[in-house]
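The values are calculated or read from the model by the stated rules, or taken from the named source; none is laboratory data. Please read all numbers here as calculations on a predicted model, not as lab measurements. Cβ sites come from the backbone with ideal geometry, for glycine too, and all protein chains shown count toward neighbours. What goes into the accessible areas is simple: the full protein's heavy atoms, side chains included, and nothing from ligands, DNA or RNA. Shrake-Rupley method; radii C 1.70, N 1.55, O 1.52, S 1.80 Å.
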Amino acid sequence: MTLTTTTTDEDQARQLDEHDPMSTLRDQFHIPPASGGPFVEAAYMAGSSLGLQPRSAARALAAELETWAQFGVAGHEHPARPWMSYHELLRAPTARLTGALPAEVALMNSLTVNLHLLMVSFYRPTTERHAILIEDSAFNSDSYAVRSQAAFHGYDPDRAVIRLRPRPGEDTLRSEDVIDYLNREGHRVALVLLGGVNYYTGELLDIPAITLAAQAQGAVVGWDLAHAAGNVPLRLHDWNVDFAAWCSYKYLNGGPGGIAGAFVHERHLDDTSLPKFNGWWGTDPKTRFEMRPGFDHTASADSWQLSNTSIMAAAPVLASLRIFDDIGMEALRGRSVRLTNYLEALLDELCRDPRLTIITPREPAQRGAQISVRIKGLEAEKVRDALRYEHGVYTDDRKPDVIRFAPVPLYNTFHDCWRAAAGLADVISKHSQ
Ligand SMILES: *Cc1c(COP(=O)(O)O)cnc(C)c1O
């Protein structure tokens, strides 16, 4: 069977771009050159792994290097952007992005570190209730984190960590099944820690409904928003989420190793009985430099901070957050849904070949900017390389046989979607001869 996407499709894609008022957002980003194929620029569909660099990032970084050069230690009191309180510059845009109150968010560390620090406070196992509920397809770092937390408290991780699987023959977990499980077994569950958007399938879980169901059973609920932050609108405060953490280098375009985020709901901020690992950047900034041995608690997510802010890891994130603030998550989500639906329709044509299956949920409300395709009989890594080096299409592969396409609304185009589908058609045809 030959797979094709037609030139009619290509013309249509170009027209969609011409009539899209948001297609110029792309100009704010560095688009890598294509490493193969007829086009100058890459069709970069790997933003779910590492988002592209905003043009403003270099200026933001250069400004801090200049402060360091010109001020040395006095950079901590820089008149415009004092390093001492640099993390506070990121607070308001992060709160808007995640639907949080400003006091509920902190920018610090990296994602897995933040998950651990938050679990120190929010995983409080007892003999009767010590299970941690995750998805069987959880990102490995999350799996290691929860298993090691269970072991740290003296529980056998193989028994304490419950991994929820999709129904037989299905690729994604149904939110209703998570809720059913909680209604049956929630009394054993100390902590629910799920990915808001699953990294593998792109599925967006029903965060408010699962949060409600888990809390009704007495469990604490944390969300890993690595693939959700900057991808889908969030209302963490209104959804009553207990805590959340995310990295900033995927849909948030904050650069590799960029400073990560943490959310703690307002109703926990006053609770001085929560166990917490303390450091000097978490104490009340008013008394921080009195260097007293005791920790001064403040009612803010900042009290989970340990160290002074990594300025070079925060500056690009600040630049990127300004872009999200300018456009707004709702508008971005609209474009994200249009691009993702378009890519899905093109890939569906290819899926007439029985070897190809889209494993991402079909309902736009149940997915982020991502379509994952399972390709039977071909190694995903080879498909990824052929797409990159023969077509200039960047994707992300997951062993053994899944390719992920992320049509990111800030910088991808309808034509990128066409290139992705046309490239995949070509790679599959060549490899089936
Ligand atoms: C990307 C990702 C991570 C990566 O963790 P780091 O601590 O940033 O290296 C962890 N968990 C999930 C769900 C991810 O998608």
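Annotation: per residue accessible area for the stretch 84-166 equals 41 Å², rounded to a whole number [probe 1.4 Å, protein chains only]. Per-residue 3J(HN,Hα) values for the stretch 187-200, derived from phi via the Karplus relation 6.51 cos²θ - 1.76 cosθ + 1.60 with θ = phi - 60°, read 5, 8, 8, 7, 9, 9, 10, 10, x, x, 10, 6, 5, 8 Hz in sequence order (x marks Gly and Pro).
On a C-alpha basis, how far is the centre of the stretch 67-126 from the centre of the stretch 208-271 in Å? Whole number, if you could? Measuring centre to centre over Cα atoms gives 15 Å.
Anyone know which of W68, W418, W239 comes out most mobile in the 10 Å Cα GNM of the chain? Evaluated over the chain, the most mobile residue of the options is W68. For the chain, the antiparallel share of DSSP beta bridges with both residues in that region comes to about 55%. P(r) tail for the stretch 335-389: Cα pairs beyond 17 Å make up 42% of the total.
Starting from the Cα gyration tensor of the stretch 1-145, take the square roots of the eigenvalues, sort them a ≥ b ≥ c, and report rounded, prolate or oblate (rounded when a/c is under 1.5, otherwise prolate if a/b is larger than b/c, else oblate). The shape class here is oblate. When shorter helices are ignored and each DSSP H run of at least 4 residues is given -39500 (n - 2.57), the per-residue value for the chain at 222 nm works out to -12000 deg cm²/dmol. Centroid-to-centroid, using Cα positions, the stretch 154-182 and the stretch 401-433 are 31 Å apart. Please report the spacing between the Cα centers of the stretch 365-399 and the stretch 316-350 in Å, no decimals. Their Cα centres are 19 Å away from one another.
Note on the chain: with a GNM built from Cα contacts shorter than 10 Å, the maximum mean-square fluctuation among R367, R398, R91 falls on R398. Report note on the peptides 265-277, 183-195, 240-252, 31-43: ranked by the mean count of other C-beta atoms within 10 Å, highest first, their order is 240-252, 183-195, 31-43, 265-277. Spin-label model, E18/E170: points 7 Å from Cα along the beta carbon direction are separated by 4.4 nm.
Listed peptides 163-175, 206-218 appear in the order 206-218, 163-175 once ranked by packing, highest mean of other Cβ atoms within 10 Å at the front.
Full extension of the segment from V73 to D177, taken as 0.36 nm per residue of separation minus the current Cα-Cα distance, would add 32.0 nm. For the peptides 226-233, 151-158, the ranking by mean Cβ contacts within 10 Å, running from highest to lowest, is 226-233, 151-158. Solvent exposure of the stretch 321-361 amounts to 39 Å² per residue of accessible area, where only protein heavy atoms count and the probe is 1.4 Å. Distance between the 7 Å Cα→Cβ label points at S307 and E185: 3.8 nm. Looking at the square roots a ≥ b ≥ c of the eigenvalues of the Cα gyration tensor of the stretch 61-326, which shape do they give, rounded for a/c under 1.5, prolate if a/b is larger than b/c, or oblate? It is prolate, given that a/c is not under 1.5 and a/b is the larger ratio. Relative to the current alpha-carbon distance between R59 and N278, full extension at 0.36 nm per residue lengthens the span by 75.5 nm.
On a full-extension model of 0.36 nm per residue, what is the gain between D325 and E290, subtracting their alpha-carbon distance, rounded to one decimal in nm? The span from D325 to E290 would gain 9.0 nm if fully extended.
Between G196, G72, G258, the residue with the greatest mean-square fluctuation in the GNM of the chain (Cα pairs under 10 Å linked by springs) is G72. How high is the FRET efficiency from H268 to A80, r the C-beta distance, R0 30 Å, rounded to 0.05? For R0 = 30 Å, the calculated efficiency reads 0.35.
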